[in-house]
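Colleague: Provided herewith is a single structure, encoded as structure tokens, for subsequent inquiry.
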Amino acid sequence: MELTEAQYRHIERCLPTQRGNVTLDNLQVLNAILYVAEQGCKWRGLPKRFGNWHTIHTRMNRWSKSGVLARVFAQLQQARIIRVKIEAVALDSTIVKVHPDGMGALKKPARTPLAGPVAAGPPRFIWLPQILERP
């Protein structure tokens, strides 16, 4: 699912004008976004032919927040170039933190029990219902 130059001309006015020293044009970025949406791959898994994944991700994030992508997809569907309905795209970079013990950190010394039993009173934690009197 890649856009051609002729298809790109229909939506060119929806995109912001490029300024300064830009290595990727808007058509390349759009095709990369469509590739990620279609394949469901990670940004780092983007083929090299699209360019630097971080540049594409940054521009997609900026366009998404400013409403450019919504206008582009609406224009693409109005011109019947693509027929896709994207309600929610979750592009995630989840991390899992490792417990310090798993990274080789020094272990804490074992706790020593209290000197005497706890004074009679209400229990600190109630894990199960307690039966006070048996019938």
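Colleague: If residue 13 satisfies every condition in (1) touching a residue at least 12 places away in the same chain (Cβ under 8 Å); (2) in a helix (DSSP H, G or I); (3) open to solvent by 80 Å² or more (accessible area, probe 1.4 Å) but one, which is the exception?
Modeller: (1)
Colleague: On to the next question. Do the conditions hold for residue 58, that is, is it within 20 Å of residue 6 (Cα to Cα), among the β-branched types (Val, Ile, Thr) and open to solvent by 50 Å² or more (accessible area, probe 1.4 Å)? Step through it out loud before you land on a result.
Modeller: Working: within 20 Å of residue 6 (Cα to Cα): no; among the β-branched types (Val, Ile, Thr): yes; open to solvent by 50 Å² or more (accessible area, probe 1.4 Å): yes.
The answer is no for residue 58.
Colleague: Taking residue 78 as the residue in question, decide whether it is open to solvent by 100 Å² or more (accessible area, probe 1.4 Å), under 24 Å from residue 9 (Cα atoms) and modelled with pLDDT of 70 or more.
Modeller: Numbers: open to solvent by 100 Å² or more (accessible area, probe 1.4 Å): yes; under 24 Å from residue 9 (Cα atoms): yes; modelled with pLDDT of 70 or more: yes.
Against the criterion (open to solvent by 100 Å² or more (accessible area, probe 1.4 Å), under 24 Å from residue 9 (Cα atoms) and modelled with pLDDT of 70 or more), residue 78 qualifies.
Colleague: What are the pairs, 6+ residues apart or on separate chains, where a residue within the range 58-70 that is in a helix (DSSP H, G or I) has its Cβ under 6 Å from a residue that is β-branched (Val, Ile, Thr) and open to solvent by less than 20 Å² (accessible area, probe 1.4 Å)?
Modeller: 59/29; 60/33
Colleague: Let me ask another. So residue 44 passes all but one of these: (1) surrounded by 12 or more Cβ atoms within 10 Å (Cβ to Cβ); (2) modelled with pLDDT of 85 or more. Which condition number does it fail?
Modeller: All conditions are met except number (1).
Colleague: Determine which member of the set 111, 19, 49 is open to solvent by 70 Å² or more (accessible area, probe 1.4 Å) and modelled with pLDDT of 90 or more.
Modeller: On the way: 111 fails: modelled with pLDDT of 90 or more; 19 fails: modelled with pLDDT of 90 or more.
Just one listed residue meets the conditions, 49.
The values are calculated or read from the model by the stated rules, or taken from the named source; none is laboratory data. Everything quoted here is computed from the prediction, not taken from an experiment. Methodologically, a virtual Cβ is constructed for each residue, glycine included, from the backbone with ideal geometry; neighbour enumeration extends over all protein chains shown. These area figures cover heavy atoms from the full protein model, side chains too; ligands, DNA and RNA do not enter into them. Shrake-Rupley method; radii C 1.70, N 1.55, O 1.52, S 1.80 Å.
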